[in-house]
Amino acid sequence: MIFAFLVRLPFMMITGVRYDWWWYAHDGSNIAKGHKPFVDFSFYGHNCVPPGYLIVVTSFYILVKSFGFSVDSFFYNFSMKSWMVFGDIACVYLVYHICLSLNLGEEKSKIASIIVAFNPYMAFESAWQGHFDSIVAASLLAGVYFALKGRSFLSGLVLSIGFLIKMIPAIGLILIFKFKRYSEKGKFVLGFFSLIALIYAVFIWWIGSLSFILDPIRYHGSRTDYLNETNKTATYFFFLYITNSFDELAIYVQDVWLFFAVPLLSYLAWRYHKMNDEEEIFKGVFFLTAGLIATMKFINPQYLVWILPFMTIYMVMKPDKLREYSYWFLVFWFIFWAGTLIKFLKPVTGIIFLPALLVFFFPKNLKQVYLKLRTQIIPQKSIGK
């Protein structure tokens, strides 16, 4: 973990290179000035974030200003990126202990944690770009870890912390099926909702409105700007590509992705509703998160971080050359895409992302399909020669 931090340390001193970076200072400064989020639309450019995110960015903004530093200073960069890098370090720790809980042994557990510690894409997104998606991954991993340990309240609590920053860790609610007794289920639910209820109650009292509660869902669910842009990088990409050629049909398929997302995610939730062993518990959260990403309307580059630690554990758990190739292909392709921000690479990523995931999850099945096709297409005599 120390080495993982040292690798990221130099990049923590420089300004984040994504436009999101400037929103942190913008949002933090507005709250520090007394402007109310979610309702003072003239001051806030976006109202699609949970309140936990606002608490964090405002705290760091006030801290930096209290020492007299500007938002361009190395102190601000280091401070703001510290919680993002903390997410990376937490992932390293949790990956190691989850591997031990899955009975993968000391050697494989260390290998998995080292891969996460030095994974170039996780370091790139947190320490260089300045994205906090490692917090999502850490929250999900922590929820799984405490569930494996039978700590139902803590499992729900760590998921709620991630939820308050970005709502994705709500997927971890599937872990409730791991706990057999109703008292354990009750503690899990209490752990998840107690902190959320407290923070949301404070914000409701402060701003005097309930409207912000569903704003993130409404915002992402209604975004149509991606219909005419190139940030189409999931299953949805293929439909948008077709409908962009036929403008009169585009309006009818804006939500066609739901025909894939709802059945797929429902199946995954049902599939793991009886989690009888540690491996099934881990796979339930992993597969559900990967299924969500694969069926979203659009994918921003940093979303890959949500599943990279899970992919690392799965790769060590079920080693396969094709799986390894797919893993590293995604890592370096996403660095290339996110690092260049070349627009034409976005639809290219859309074409390769889903097949790469399929290769990762089903390498043996794809090998069998390839061999069958090969024997049918290529004459046996040619194969012999």
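Restricting to helices (runs of 4 or more DSSP H) lying wholly in region 31-119: which have 2 or more residues that are within 25 Å of the chain's Cα centre (by Cα) and closer than 30 Å to Ile213 by Cα?
Passing ranges, in order: 51-66, 74-101.
Listed here are the residues, each with its yes/no results for (1) buried (at least 20 other Cβ atoms within 10 Å of the Cβ); (2) under 12 Å from the mean Cα position of the chain (by Cα); (3) at positive phi; (4) in a loop (DSSP other than H, G, I, E, B).
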site: Ser126; (1), (2), (3), (4): yes, no, no, no
site: Ile135; (1), (2), (3), (4): yes, yes, no, no
site: Ser139; (1), (2), (3), (4): yes, yes, no, no
site: Ser155; (1), (2), (3), (4): yes, no, no, no
site: Gly162; (1), (2), (3), (4): yes, yes, no, no
site: Lys180; (1), (2), (3), (4): no, no, no, yes
site: Glu184; (1), (2), (3), (4): no, no, no, no
site: Leu190; (1), (2), (3), (4): no, no, no, no
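Considering only residues that are among the hydrophobic types (A, V, I, L, M, F, W, C), out of contact with any Phe, Trp or Tyr (no Cβ under 7 Å at 6 or more places or on another chain) and either free of Cβ contacts under 8 Å to residues at least 24 places away in the same chain or under 16 Å from Gly87 (Cα atoms) (or both), which ones fall in region 141-154?
Leu141, Ala142, Phe146
Looking at region 155-169, I want the residues that are under 14 Å from Leu190 (Cβ atoms) and have a partner that is surrounded by fewer than 24 Cβ atoms within 10 Å (Cβ to Cβ) and of a type in the set (Val, Ile, Thr) with Cβ atoms under 7 Å, at least 6 apart or on another chain. Which pairs are those?
The qualifying pairs are Gly156/Val189; Ser160/Ile196.
Quick check on this structure: which one of Arg8, Arg18 is modelled with pLDDT of 85 or more, among the charged types (D, E, K, R) and under 17 Å from Phe132 (Cα atoms)?
Step by step, each of Arg8, Arg18 is checked, and only Arg8 is modelled with pLDDT of 85 or more, among the charged types (D, E, K, R) and under 17 Å from Phe132 (Cα atoms).
If you take the residues of region 349-381 that are under 21 Å from the mean Cα position of the chain (by Cα) and modelled with pLDDT under 75, which of them is farthest from Ala294 (Cα to Cα)?
Here the residue is Ile351.
Which numbered condition in (1) within 20 Å of the chain's Cα centre (by Cα); (2) free of Cβ contacts under 8 Å to residues at least 12 places away in the same chain; (3) closer than 20 Å to Leu140 by Cβ is the only one that Tyr19 fails?
Tyr19 satisfies every listed condition except (3).
Please pick out the residue among Val256, Val285, Val305 that is at pLDDT below 75 and β-branched (Val, Ile, Thr).
That would be Val256, the only listed residue that is at pLDDT below 75 and β-branched (Val, Ile, Thr).
In region 164-178, what residues are surrounded by 18 or more Cβ atoms within 10 Å (Cβ to Cβ), outside any loop (DSSP other than H, G, I, E, B) and under 15 Å from the mean Cα position of the chain (by Cα)?
Selection gives Leu164, Ile165, Ile168, Pro169, Ile171, Gly172.
Kindly indicate whether any position in region 91-114 is touching a residue at least 24 places away in the same chain (Cβ under 8 Å), aromatic (Phe, Trp, Tyr) and surrounded by 18 or more Cβ atoms within 10 Å (Cβ to Cβ).
Within region 91-114, one or more residues are touching a residue at least 24 places away in the same chain (Cβ under 8 Å), aromatic (Phe, Trp, Tyr) and surrounded by 18 or more Cβ atoms within 10 Å (Cβ to Cβ).
The values are calculated or read from the model by the stated rules, or taken from the named source; none is laboratory data. Model, not experiment: these values are computed from the prediction. Cβ: placed from backbone, ideal geometry, glycine included. Neighbour counts: every protein chain shown.
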